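What follows is a short report on a single structure.
The values are calculated or read from the model by the stated rules, or taken from the named source; none is laboratory data. This one's a predicted model, so the numbers in the text were calculated from it and none came from an experiment. Glycine also receives a Cβ, built like all others from the backbone with ideal geometry; neighbour counts cover every protein chain displayed. Calculation scope for accessible area: heavy atoms of the full protein, side chains included, ligands and nucleic acids excluded. Shrake-Rupley method; radii C 1.70, N 1.55, O 1.52, S 1.80 Å.
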Amino acid sequence: MKLSCRASSIKPSATLAITAKAKKLKAEGKNIIGFGAGEPDFDTPGYIKNAVKDALDKGYTKYTPVSGIEELKSAIADKFLSDYNVGYEQSEIIVSCGGKHSLYNLFSALLNEGDEIIIPSPYWVSYTEIIKLSGGVPVIVDTSRNGFKFNLRMLESNLTKKTRGLIINSPSNPTGVLMDEKDITQIADFVKKKGLYIITDDIYEKIIFDDKKFFNALMVGKEVKENTVAVNAVSKTYSMTGFRIGYTAGPKDLISAMNNIQSQSTSNPTTFAQYGALAALKGGYDFTVMMRNEFQKRRDYMLDFFDKNIKSVIPVKPDGAFYIFADISKVFDESGNKINSSTEFCDYLLDKYLVAAVPGIEFGNDNFIRLSFAASLDVIKEGLNRIKEAVSF
Ligand SMILES: Cc1ncc(COP(=O)(O)O)c(C=O)c1O
(Lines give C-alpha, C1' and ligand atoms only; values in the text may rest on other atoms or scores of the structure.)
Protein backbone atom coordinates (compact mmCIF):
# COMPACT_ATOMS: atom_id res chain seq x y z
CA MET A 1 0.00 0.00 0.00
CA LYS A 2 1.23 3.51 -0.78
CA LEU A 3 1.69 5.25 2.55
CA SER A 4 2.57 8.89 3.21
CA CYS A 5 6.28 9.73 3.15
CA ARG A 6 6.01 10.85 6.78
CA ALA A 7 4.46 7.58 7.96
CA SER A 8 7.02 5.58 5.99
CA SER A 9 9.93 7.45 7.54
CA ILE A 10 8.89 6.68 11.14
CA LYS A 11 10.23 3.77 13.19
CA PRO A 12 8.11 2.08 15.85
CA SER A 13 9.25 2.71 19.44
CA ALA A 14 12.06 0.21 20.16
CA THR A 15 11.58 0.33 23.90
CA LEU A 16 7.88 -0.49 23.64
CA ALA A 17 8.63 -3.24 21.10
CA ILE A 18 11.23 -4.91 23.34
CA THR A 19 8.97 -4.70 26.40
CA ALA A 20 6.15 -6.28 24.36
CA LYS A 21 8.44 -9.07 23.08
CA ALA A 22 9.65 -9.83 26.63
CA LYS A 23 6.05 -9.88 27.92
CA LYS A 24 5.03 -12.29 25.15
CA LEU A 25 7.91 -14.67 25.92
CA LYS A 26 7.00 -14.50 29.63
CA ALA A 27 3.38 -15.35 28.83
CA GLU A 28 4.68 -18.38 26.91
CA GLY A 29 6.24 -19.55 30.17
CA LYS A 30 9.86 -18.44 29.53
CA ASN A 31 11.79 -17.20 32.56
CA ILE A 32 12.54 -13.75 31.14
CA ILE A 33 14.46 -11.07 33.01
CA GLY A 34 13.19 -7.70 31.80
CA PHE A 35 15.68 -4.82 31.74
CA GLY A 36 13.66 -3.14 29.00
CA ALA A 37 10.87 -1.37 30.89
CA GLY A 38 10.51 2.39 30.64
CA GLU A 39 8.14 2.60 33.58
CA PRO A 40 8.44 2.27 37.36
CA ASP A 41 7.57 -1.19 38.69
CA PHE A 42 5.70 0.23 41.72
CA ASP A 43 1.93 0.22 41.98
CA THR A 44 0.22 3.61 41.61
CA PRO A 45 -0.46 5.00 45.11
CA GLY A 46 -3.90 4.19 46.57
CA TYR A 47 -4.92 7.83 47.14
CA ILE A 48 -4.51 8.48 43.41
CA LYS A 49 -6.59 5.44 42.46
CA ASN A 50 -9.26 6.50 44.98
CA ALA A 51 -9.43 9.96 43.42
CA VAL A 52 -10.20 8.33 40.06
CA LYS A 53 -12.87 6.07 41.61
CA ASP A 54 -14.37 9.11 43.30
CA ALA A 55 -14.38 11.03 40.01
CA LEU A 56 -16.21 8.16 38.31
CA ASP A 57 -18.75 7.97 41.16
CA LYS A 58 -19.36 11.70 40.84
CA GLY A 59 -20.09 11.24 37.14
CA TYR A 60 -16.97 12.96 35.81
CA THR A 61 -17.15 10.90 32.65
CA LYS A 62 -17.85 13.57 30.02
CA TYR A 63 -15.75 16.01 27.98
CA THR A 64 -13.74 18.65 29.80
CA PRO A 65 -12.19 21.81 28.29
CA VAL A 66 -9.68 20.73 25.61
CA SER A 67 -6.64 21.86 27.61
CA GLY A 68 -7.78 20.16 30.83
CA ILE A 69 -9.84 21.00 33.93
CA GLU A 70 -9.10 24.32 35.64
CA GLU A 71 -8.23 22.68 39.00
CA LEU A 72 -5.54 20.56 37.36
CA LYS A 73 -4.04 23.49 35.46
CA SER A 74 -4.01 25.49 38.71
CA ALA A 75 -2.21 22.63 40.47
CA ILE A 76 0.32 22.57 37.61
CA ALA A 77 0.79 26.34 37.87
CA ASP A 78 1.33 25.97 41.65
CA LYS A 79 3.96 23.32 40.99
CA PHE A 80 5.84 25.58 38.58
CA LEU A 81 5.72 28.41 41.09
CA SER A 82 6.91 26.37 44.06
CA ASP A 83 9.52 24.32 42.15
CA TYR A 84 10.99 26.97 39.83
CA ASN A 85 9.58 30.27 41.10
CA VAL A 86 7.92 31.00 37.75
CA GLY A 87 4.25 31.97 37.50
CA TYR A 88 1.99 30.67 34.71
CA GLU A 89 -1.55 31.64 33.81
CA GLN A 90 -4.14 29.03 32.78
CA SER A 91 -3.71 30.12 29.14
CA GLU A 92 -0.02 29.19 29.28
CA ILE A 93 -0.67 25.56 30.28
CA ILE A 94 -2.12 22.60 28.39
CA VAL A 95 -2.71 19.07 29.66
CA SER A 96 -2.33 16.31 27.04
CA CYS A 97 -2.45 12.51 26.83
CA GLY A 98 1.01 11.80 28.29
CA GLY A 99 4.34 13.55 27.89
CA LYS A 100 4.68 11.98 24.45
CA HIS A 101 1.47 13.63 23.27
CA SER A 102 2.60 16.94 24.79
CA LEU A 103 5.77 16.77 22.69
CA TYR A 104 3.81 15.73 19.61
CA ASN A 105 1.49 18.74 19.87
CA LEU A 106 4.38 21.02 20.71
CA PHE A 107 6.44 20.14 17.64
CA SER A 108 3.33 20.19 15.42
CA ALA A 109 2.67 23.73 16.63
CA LEU A 110 6.29 24.94 16.44
CA LEU A 111 7.85 23.49 13.31
CA ASN A 112 7.61 24.26 9.62
CA GLU A 113 8.93 21.86 6.97
CA GLY A 114 12.72 21.68 7.31
CA ASP A 115 12.98 23.47 10.67
CA GLU A 116 15.71 22.01 12.85
CA ILE A 117 15.71 20.94 16.47
CA ILE A 118 19.02 20.12 18.12
CA ILE A 119 19.01 16.90 20.16
CA PRO A 120 21.89 15.96 22.46
CA SER A 121 22.78 12.31 21.86
CA PRO A 122 22.20 9.71 23.25
CA TYR A 123 18.55 10.71 23.26
CA TRP A 124 15.13 9.31 24.09
CA VAL A 125 13.94 7.26 21.10
CA SER A 126 10.79 9.26 20.35
CA TYR A 127 12.28 12.77 19.93
CA THR A 128 13.59 12.12 16.43
CA GLU A 129 10.42 10.42 15.20
CA ILE A 130 8.03 13.02 16.65
CA ILE A 131 10.07 15.83 15.08
CA LYS A 132 10.08 14.05 11.70
CA LEU A 133 6.30 13.57 11.94
CA SER A 134 6.00 17.35 12.26
CA GLY A 135 8.09 17.90 9.12
CA GLY A 136 11.09 18.95 11.20
CA VAL A 137 14.69 17.80 11.04
CA PRO A 138 16.36 16.33 14.15
CA VAL A 139 20.00 17.47 14.42
CA ILE A 140 21.82 14.92 16.53
CA VAL A 141 24.81 16.10 18.57
CA ASP A 142 27.01 13.50 20.21
CA THR A 143 27.88 14.22 23.87
CA SER A 144 29.68 10.96 24.65
CA ARG A 145 33.14 12.57 24.67
CA ASN A 146 32.00 15.16 27.18
CA GLY A 147 30.67 12.83 29.88
CA PHE A 148 27.28 12.85 28.12
CA LYS A 149 26.81 16.53 28.93
CA PHE A 150 25.63 19.00 26.31
CA ASN A 151 27.03 22.54 26.39
CA LEU A 152 26.89 25.93 24.66
CA ARG A 153 29.84 25.17 22.36
CA MET A 154 27.96 22.15 20.97
CA LEU A 155 24.86 24.28 20.45
CA GLU A 156 26.76 27.06 18.69
CA SER A 157 28.60 24.73 16.37
CA ASN A 158 25.38 23.07 15.20
CA LEU A 159 23.36 26.23 14.71
CA THR A 160 21.98 27.00 11.24
CA LYS A 161 19.42 29.45 9.86
CA LYS A 162 16.83 26.68 10.24
CA THR A 163 17.42 26.03 13.96
CA ARG A 164 14.30 26.64 16.06
CA GLY A 165 15.57 25.28 19.33
CA LEU A 166 16.95 22.36 21.29
CA ILE A 167 15.80 19.67 23.67
CA ILE A 168 17.21 19.36 27.17
CA ASN A 169 16.37 16.16 29.02
CA SER A 170 18.22 16.20 32.36
CA PRO A 171 18.46 13.70 33.97
CA SER A 172 18.38 12.00 30.63
CA ASN A 173 16.88 8.86 29.26
CA PRO A 174 19.00 6.78 28.53
CA THR A 175 22.13 7.91 30.46
CA GLY A 176 20.60 9.35 33.66
CA VAL A 177 23.27 12.09 33.49
CA LEU A 178 22.36 15.56 34.78
CA MET A 179 23.53 18.59 32.82
CA ASP A 180 25.56 21.21 34.70
CA GLU A 181 23.75 24.31 35.95
CA LYS A 182 26.42 26.48 34.34
CA ASP A 183 25.81 24.93 30.91
CA ILE A 184 22.02 25.29 31.17
CA THR A 185 22.42 28.93 32.22
CA GLN A 186 24.78 29.74 29.33
CA ILE A 187 22.50 27.97 26.85
CA ALA A 188 19.40 29.77 28.19
CA ASP A 189 21.08 33.18 27.80
CA PHE A 190 22.17 32.32 24.26
CA VAL A 191 18.73 30.97 23.29
CA LYS A 192 17.11 34.18 24.52
CA LYS A 193 19.52 36.32 22.50
CA LYS A 194 18.91 34.30 19.34
CA GLY A 195 15.12 33.98 19.72
CA LEU A 196 15.26 30.18 19.89
CA TYR A 197 13.43 27.78 22.22
CA ILE A 198 14.62 25.41 24.90
CA ILE A 199 12.30 22.46 25.17
CA THR A 200 12.99 21.17 28.65
CA ASP A 201 11.70 17.62 29.16
CA ASP A 202 11.66 17.31 32.94
CA ILE A 203 9.92 13.97 33.20
CA TYR A 204 12.62 12.46 35.49
CA GLU A 205 13.17 15.59 37.61
CA LYS A 206 12.05 13.96 40.87
CA ILE A 207 14.14 10.82 40.46
CA ILE A 208 17.62 12.12 41.27
CA PHE A 209 20.25 10.37 43.41
CA ASP A 210 22.99 11.28 45.91
CA ASP A 211 21.33 14.55 46.94
CA LYS A 212 22.20 16.07 43.57
CA LYS A 213 20.00 18.98 42.54
CA PHE A 214 17.67 19.34 39.60
CA PHE A 215 18.08 22.47 37.50
CA ASN A 216 16.22 23.60 34.40
CA ALA A 217 16.11 26.66 32.14
CA LEU A 218 13.15 28.17 34.02
CA MET A 219 15.30 28.33 37.15
CA VAL A 220 17.77 30.61 35.34
CA GLY A 221 15.28 33.44 35.82
CA LYS A 222 12.01 34.91 34.63
CA GLU A 223 13.75 36.53 31.65
CA VAL A 224 14.03 33.18 29.83
CA LYS A 225 10.41 32.13 30.39
CA GLU A 226 9.28 33.26 26.91
CA ASN A 227 11.99 31.13 25.29
CA THR A 228 11.34 28.02 27.34
CA VAL A 229 8.75 25.32 26.84
CA ALA A 230 8.53 22.91 29.77
CA VAL A 231 7.14 19.43 29.21
CA ASN A 232 6.39 17.11 32.08
CA ALA A 233 4.02 14.30 33.07
CA VAL A 234 2.75 12.41 36.09
CA SER A 235 3.87 9.17 34.41
CA LYS A 236 7.23 8.50 36.08
CA THR A 237 6.98 10.69 39.21
CA TYR A 238 3.92 8.88 40.57
CA SER A 239 4.11 5.60 38.62
CA MET A 240 1.08 6.58 36.51
CA THR A 241 2.28 5.66 33.01
CA GLY A 242 -1.08 4.17 32.02
CA PHE A 243 -3.03 7.29 32.98
CA ARG A 244 -1.60 9.12 29.96
CA ILE A 245 -1.44 12.58 31.50
CA GLY A 246 1.31 14.98 30.48
CA TYR A 247 1.46 18.76 30.46
CA THR A 248 3.20 21.69 28.79
CA ALA A 249 3.83 25.22 30.00
CA GLY A 250 5.05 27.82 27.54
CA PRO A 251 4.37 31.03 25.61
CA LYS A 252 0.65 31.76 25.24
CA ASP A 253 0.66 31.70 21.40
CA LEU A 254 2.32 28.30 21.30
CA ILE A 255 -0.01 26.82 23.93
CA SER A 256 -3.00 28.23 22.05
CA ALA A 257 -1.81 26.58 18.81
CA MET A 258 -1.31 23.29 20.70
CA ASN A 259 -4.85 23.69 22.01
CA ASN A 260 -6.19 24.00 18.44
CA ILE A 261 -4.28 20.90 17.34
CA GLN A 262 -5.48 18.94 20.37
CA SER A 263 -9.08 20.12 19.82
CA GLN A 264 -9.00 18.53 16.36
CA SER A 265 -7.36 15.27 17.42
CA THR A 266 -7.91 13.85 20.91
CA SER A 267 -9.96 16.68 22.52
CA ASN A 268 -9.36 16.65 26.29
CA PRO A 269 -7.20 14.02 27.98
CA THR A 270 -9.34 11.35 29.71
CA THR A 271 -11.55 13.10 32.25
CA PHE A 272 -11.18 10.78 35.27
CA ALA A 273 -7.44 10.37 34.65
CA GLN A 274 -7.16 14.15 35.05
CA TYR A 275 -8.65 13.81 38.55
CA GLY A 276 -6.03 11.16 39.33
CA ALA A 277 -3.31 13.56 38.17
CA LEU A 278 -4.83 16.32 40.31
CA ALA A 279 -4.67 14.10 43.42
CA ALA A 280 -1.08 13.19 42.53
CA LEU A 281 0.07 16.80 42.16
CA LYS A 282 -1.63 17.82 45.39
CA GLY A 283 -0.48 14.78 47.36
CA GLY A 284 3.19 15.57 47.96
CA TYR A 285 6.21 13.43 47.21
CA ASP A 286 6.30 10.75 49.94
CA PHE A 287 5.68 7.98 47.42
CA THR A 288 8.16 9.43 44.93
CA VAL A 289 10.88 9.67 47.59
CA MET A 290 10.29 6.03 48.62
CA MET A 291 10.54 4.98 44.96
CA ARG A 292 13.63 7.13 44.37
CA ASN A 293 15.39 5.59 47.40
CA GLU A 294 14.60 2.13 46.13
CA PHE A 295 15.93 3.02 42.66
CA GLN A 296 19.12 4.34 44.22
CA LYS A 297 19.71 1.02 46.07
CA ARG A 298 19.27 -0.86 42.81
CA ARG A 299 21.53 1.51 40.89
CA ASP A 300 24.25 1.15 43.52
CA TYR A 301 23.95 -2.63 43.47
CA MET A 302 24.26 -2.71 39.68
CA LEU A 303 27.24 -0.35 39.54
CA ASP A 304 29.02 -2.39 42.19
CA PHE A 305 28.25 -5.67 40.42
CA PHE A 306 29.61 -4.40 37.10
CA ASP A 307 32.69 -3.02 38.80
CA LYS A 308 33.47 -6.30 40.57
CA ASN A 309 32.24 -8.91 38.11
CA ILE A 310 31.86 -7.71 34.53
CA LYS A 311 34.88 -5.88 33.24
CA SER A 312 33.79 -5.80 29.60
CA VAL A 313 30.54 -3.92 30.26
CA ILE A 314 31.18 -0.40 31.53
CA PRO A 315 28.20 1.49 32.95
CA VAL A 316 27.75 5.26 32.92
CA LYS A 317 26.90 6.29 36.49
CA PRO A 318 23.39 7.75 36.37
CA ASP A 319 22.57 10.83 38.48
CA GLY A 320 18.87 10.10 38.06
CA ALA A 321 16.07 8.29 36.18
CA PHE A 322 16.10 4.48 36.32
CA TYR A 323 18.40 3.34 33.55
CA ILE A 324 21.99 2.22 33.22
CA PHE A 325 23.56 2.99 29.87
CA ALA A 326 26.49 0.64 29.55
CA ASP A 327 29.39 0.55 27.09
CA ILE A 328 29.65 -2.88 25.45
CA SER A 329 32.36 -2.12 22.89
CA LYS A 330 34.80 -4.41 24.76
CA VAL A 331 32.29 -7.24 24.36
CA PHE A 332 32.57 -6.79 20.58
CA ASP A 333 36.35 -7.42 20.81
CA GLU A 334 36.07 -10.32 23.24
CA SER A 335 33.30 -12.11 21.36
CA GLY A 336 35.71 -12.89 18.50
CA ASN A 337 33.54 -11.24 15.85
CA LYS A 338 30.38 -13.02 17.00
CA ILE A 339 28.81 -9.77 18.21
CA ASN A 340 29.36 -6.52 16.37
CA SER A 341 26.47 -4.26 17.26
CA SER A 342 24.18 -3.37 20.16
CA THR A 343 21.26 -5.03 18.36
CA GLU A 344 23.22 -8.27 17.92
CA PHE A 345 24.19 -8.18 21.59
CA CYS A 346 20.58 -7.65 22.75
CA ASP A 347 19.32 -10.42 20.43
CA TYR A 348 22.02 -12.72 21.86
CA LEU A 349 21.06 -11.82 25.45
CA LEU A 350 17.37 -12.42 24.82
CA ASP A 351 17.67 -15.58 22.71
CA LYS A 352 20.38 -17.36 24.72
CA TYR A 353 20.01 -15.94 28.24
CA LEU A 354 16.38 -14.73 28.28
CA VAL A 355 17.48 -11.21 29.28
CA ALA A 356 15.69 -8.25 27.67
CA ALA A 357 17.73 -5.04 27.19
CA VAL A 358 17.44 -2.19 24.68
CA PRO A 359 20.16 -1.70 22.01
CA GLY A 360 21.97 1.63 22.30
CA ILE A 361 21.60 2.26 18.56
CA GLU A 362 17.95 3.14 19.28
CA PHE A 363 19.22 6.03 21.41
CA GLY A 364 21.88 7.01 18.86
CA ASN A 365 24.91 5.05 20.14
CA ASP A 366 25.64 1.53 18.90
CA ASN A 367 28.40 0.89 21.47
CA PHE A 368 25.93 0.80 24.35
CA ILE A 369 22.91 -1.01 25.76
CA ARG A 370 20.26 0.38 28.11
CA LEU A 371 19.30 -1.60 31.20
CA SER A 372 16.27 -0.36 33.12
CA PHE A 373 16.34 -1.00 36.85
CA ALA A 374 12.57 -0.78 37.19
CA ALA A 375 12.58 -4.36 38.47
CA SER A 376 13.01 -5.90 41.94
CA LEU A 377 16.50 -6.40 43.32
CA ASP A 378 16.08 -10.20 43.09
CA VAL A 379 15.24 -9.94 39.40
CA ILE A 380 18.16 -7.56 38.86
CA LYS A 381 20.57 -9.95 40.62
CA GLU A 382 19.47 -12.88 38.48
CA GLY A 383 19.70 -10.74 35.33
CA LEU A 384 23.21 -9.53 36.11
CA ASN A 385 24.39 -13.08 36.78
CA ARG A 386 23.06 -14.07 33.38
CA ILE A 387 24.83 -11.14 31.68
CA LYS A 388 28.06 -12.15 33.46
CA GLU A 389 27.71 -15.62 32.03
CA ALA A 390 26.78 -14.25 28.59
CA VAL A 391 30.00 -12.21 28.29
CA SER A 392 32.31 -15.00 29.49
CA PHE A 393 33.34 -16.05 26.00
C1 LIG B 1 12.59 11.34 28.26
C2 LIG B 1 11.15 11.01 28.16
N3 LIG B 1 10.29 11.97 27.81
C4 LIG B 1 8.97 11.72 27.68
C5 LIG B 1 8.47 10.46 27.92
C6 LIG B 1 6.99 10.25 27.73
O7 LIG B 1 6.31 9.84 28.82
P8 LIG B 1 4.75 9.58 28.81
O9 LIG B 1 4.23 9.81 27.42
O10 LIG B 1 4.58 8.17 29.25
O11 LIG B 1 4.16 10.56 29.79
C12 LIG B 1 9.33 9.41 28.28
C13 LIG B 1 8.82 8.04 28.47
O14 LIG B 1 9.53 7.07 28.43
C15 LIG B 1 10.71 9.71 28.42
O16 LIG B 1 11.59 8.76 28.76
What 222 nm value per residue comes from the helices of the chain, counting each DSSP H run with n ≥ 4 as -39,500 (n - 2.57) and dividing by all residues, nearest 500 deg cm²/dmol?
-13000 deg cm²/dmol
Per residue, how big is the convex hull around the C-alpha atoms of the chain? Give it to me in cubic angstrom, could you?
155 Å³
Given 10 °C, 1.306 mPa s and a Kirkwood radius over Cα pairs, the Stokes-Einstein diffusion coefficient of the stretch 226-337 in µm²/s is 90 µm²/s
Among 69-78, 50-59, how do they line up by average Cβ neighbours within 10 Å per residue, starting with the highest?
69-78, 50-59
Calc'd 3J(HN,Hα), the stretch 239-256, phi into Karplus 6.51 cos²θ - 1.76 cosθ + 1.60 (θ = phi - 60°), Hz, glycine/Pro = x, comes to 6, 10, 4, x, 5, 6, 10, x, 8, 10, 10, x, x, 3, 4, 5, 5, 5
What is the distance in Å between the Cα centres of the stretch 214-278 and the stretch 315-393?
33 Å
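Taking the highest mean first, how do the peptides 206-214, 15-23 order by number of other beta carbon atoms within 10 angstrom per residue?
Values: 206-214: 15.1, 15-23: 17.7.
Listed from highest to lowest mean packing, they are 15-23, 206-214.
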Once phi for every residue in the stretch 227-232 is put through the Karplus expression 6.51 cos²θ - 1.76 cosθ + 1.60 (θ = phi - 60°), the whole-Hz ³J(HN,Hα) values, with Gly and Pro written as x, are 10, 10, 10, 9, 10, 8
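Over the chain, give the accessible area per residue in Å² for a 1.4 Å probe, as an integer.
In whole numbers, the chain has 43 Å² accessible per residue.
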Express the relative contact order of the stretch 63-282 as a whole percentage, based on alpha carbon pairs under 8 Å and six or more residues apart in sequence.
29 percent
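Please quote Rg/Rh for the stretch 63-282 to two decimal places, taking the Kirkwood radius as Rh and restricting both calculations to Cα atoms.
Numbers: Rg = 16.2 Å, Rh = 17.3 Å.
Taking Rh as the inverse mean 1/r over Cα pairs, Rg/Rh reads 0.94.
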Unsatisfied cross-links (Cα-Cα over 19 Å) in the set LYS79/LYS225; LYS53/LYS282; LYS23/LYS388
LYS23/LYS388
Rough spin-label spacing in nm, given labels placed 7 Å along Cα→Cβ, for LYS79 and GLU156:
3.6 nm
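Using a 1.4 Å probe on the protein chains only, how many percent of the accessible area of the stretch 63-282 belongs to carbon and sulfur?
48 percent
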